[in-house]
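First the structure, in the form of structure tokens, and then the observations on it.
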Amino acid sequence: MNLSEIQEKIRTLKAEKDICILAHCYQNPEILEVADFVGDSFALAERTKEVENSTVIMCGVRFMAETVKILSPEKKVILSNETAGCPMAETLDVDELAAVKAKLPEHTVVAYINTTSELKTLCDVCVTSSSALKICEQIENDKILFIPDPNLGGWVAEQMPEKEFKFVGTGCPVHAIINESDWEKVHAAHPDALFLVHPECKKDVVKHADYIGSTTGIMNYAKNSDAKEFIIGTECSIVTHLQMECPDKKFYPLSSNMLCQNMKATTLMGVLGCCEGSAGEEIELDEDIMDGARRCIDRMIEMG
Ligand code: 13P
Ligand code: SF4
């Protein structure tokens with residue numbers, strides 16, 4: 001089968017089996033083409049509640065599929081590749097967070113949605129990169145414990161100096177490995193390009209930005225801008241998608257090392273396997289964990 005035959009088979013199976021495919025923007029173009037909805041983490045969570053199909057295949061990473069299951073427990077939810085975790089979501093464990101919370105009992109715990117469902121049960125509200133600022137601004141408590149991305153959290157904290165932030169966690173390995181010297185090199189090569197960056201990058205990098213935002217925020221900015229050249233400070237797939245959508249503009253990766261192997265674990269053949277019932281992993285979570293995690297995801301959707 002060639003690529004378009006595989007895509008056609010996926011479309012036929014979707015209709016026959018009442019399947020909806022949701023895909024994060026870091027997925028490859030051939031997967032986005034068969035998806036019913038493509039978005040950043042916040043848009044995917046928001047959209048989940050509107051899906052009417054009985055089965056959802058989430059082309060992304062585990063915490064995204066868990067979010068769909070938590071918001072729609074009656075649906076069959078399949079993670080497109082069972083190995084696709086998010087290292088940031090999985091580095092912090094429940095005992096570690098419980099110990100920190102015990103030392104900071106007055107803090108409101110804000111969890112980046114890139115966390116395990118178990119961890120979310122210990123938190124007050126979730127945020128995504130596109131909603132973090134808006135949600136933290138609405139929290140009445142002036143003491144916030146932000147997990148597990150100190151770069152995103154630090155960027156939010158800078159904009160509200162009146163609040164006291166504490167951080168736990170190491171951040172996203174794909175974005176946090178980038179240094180100011182990477183920006184200097186690409187900026188020297190393309191001095192007229194605007195720099196659009198994800199807030200998961202470090203402060204030394206983000207400080208050079210012309211725009212800071214989530215993956216869809218970056219894409220919308222580039223599409224709507226009159227500028228012709230852009231340095232893209234997030235996962236390299238966004239460079240590919242933008243170049244395909246805006247052929248008259250030029251897009252340069254901040255670094256070609258910005259590849260998320262977990263996001264790339266999903267293949268078109270894997271998606272076909274999920275539709276046929278021979279690939280992927282059906283998400284199953286304990287009721288208690290779903291109830292605890294749902295509380296802070298629902299709060300995020302309300303406030304975001
Ligand atoms: P957003 O989808 O919120 O831009 O986050 C990027 C990311 O790293 C998802 O894993
Ligand atoms: Fe996790 Fe970073 Fe990959 Fe997103 S890009 S899934 S935060 S490791």
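Tell me, which strands (runs of 3 or more DSSP E) wholly within the stretch 27-90 include 2 or more residues that are more than 24 Å from GLY217 (Cβ to Cβ)?
Ranges flagged: 55-59, 76-79.
Among the residues of the stretch 109-128, is there at least one that is of a type in the set (S, T, N, Q), assigned to a loop (DSSP other than H, G, I, E, B) and open to solvent by less than 10 Å² (accessible area, probe 1.4 Å)?
yes
Out of SER54, SER80, SER41, which single residue is of a type in the set (Ser, Thr, Tyr) and away from ligand 2 (no atom under 16 Å from the Cβ)?
SER54
Name the residue, out of LEU194, LEU152, that is at pLDDT 95 or above, in contact with a strand residue (DSSP E or B) (Cβ under 7 Å, 6 or more places away or on another chain), open to solvent by less than 50 Å² (accessible area, probe 1.4 Å) and more than 16 Å from ligand 2 (Cβ to nearest atom).
LEU194
With respect to the numbered conditions (1) crowded, with 17+ Cβ neighbours inside 10 Å; (2) in contact (Cβ under 8 Å) with a residue 60 or more places away in the chain; (3) under 28 Å from LEU285 (Cα atoms), which one is the sole condition not fulfilled by LYS166?
Condition not satisfied by LYS166: (3).
If you go through the stretch 104-121 one residue at a time, do you hit one that is without any contact (Cβ under 8 Å) to a residue 40 or more places away in the chain and among the β-branched types (Val, Ile, Thr)?
Looking for residues that are without any contact (Cβ under 8 Å) to a residue 40 or more places away in the chain and among the β-branched types (Val, Ile, Thr), one finds at least one in the stretch 104-121, hence yes.
Is it true that some residue in the stretch 76-94 is away from ligand 1 (no atom under 16 Å from the Cβ), in contact (Cβ under 8 Å) with a residue 60 or more places away in the chain, under 16 Å from MET263 (Cα atoms) and touching a helix residue (DSSP H, G or I) at 6+ places or on another chain (Cβ under 7 Å)?
Yes, the stretch 76-94 contains at least one residue that is away from ligand 1 (no atom under 16 Å from the Cβ), in contact (Cβ under 8 Å) with a residue 60 or more places away in the chain, under 16 Å from MET263 (Cα atoms) and touching a helix residue (DSSP H, G or I) at 6+ places or on another chain (Cβ under 7 Å).
So which residues in the stretch 260-294 are assigned to a loop (DSSP other than H, G, I, E, B) and either of a type in the set (Phe, Trp, Tyr) or over 21 Å from TYR112 (Cβ atoms) (or both)?
Result: THR266, THR267, GLY277, SER278, ALA279, GLY280, GLU284, ASP286.
State whether the residues of the stretch 179-190 include one that is within 14 Å of ligand 1 (Cβ to nearest atom), buried (at least 16 other Cβ atoms within 10 Å of the Cβ) and either over 17 Å from the mean Cα position of the chain (by Cα) or more than 30 Å from SER117 (Cα to Cα) (or both).
no
So, GLY270, is that one away from ligand 2 (no atom under 16 Å from the Cβ) and either modelled with pLDDT of 95 or more or of a type in the set (Gly, Ala, Ser) (or both) or not?
yes
The values are calculated or read from the model by the stated rules, or taken from the named source; none is laboratory data. Quick caveat: nothing in here was measured; it's all calculated off a predicted structure. Neighbour counts are summed over all protein chains in view; Cβ atoms, including those assigned to glycine, are modelled from backbone coordinates with ideal geometry. Remember, those area values only see protein heavy atoms, side chains included, never the ligands or the DNA or RNA. Shrake-Rupley method; radii C 1.70, N 1.55, O 1.52, S 1.80 Å.
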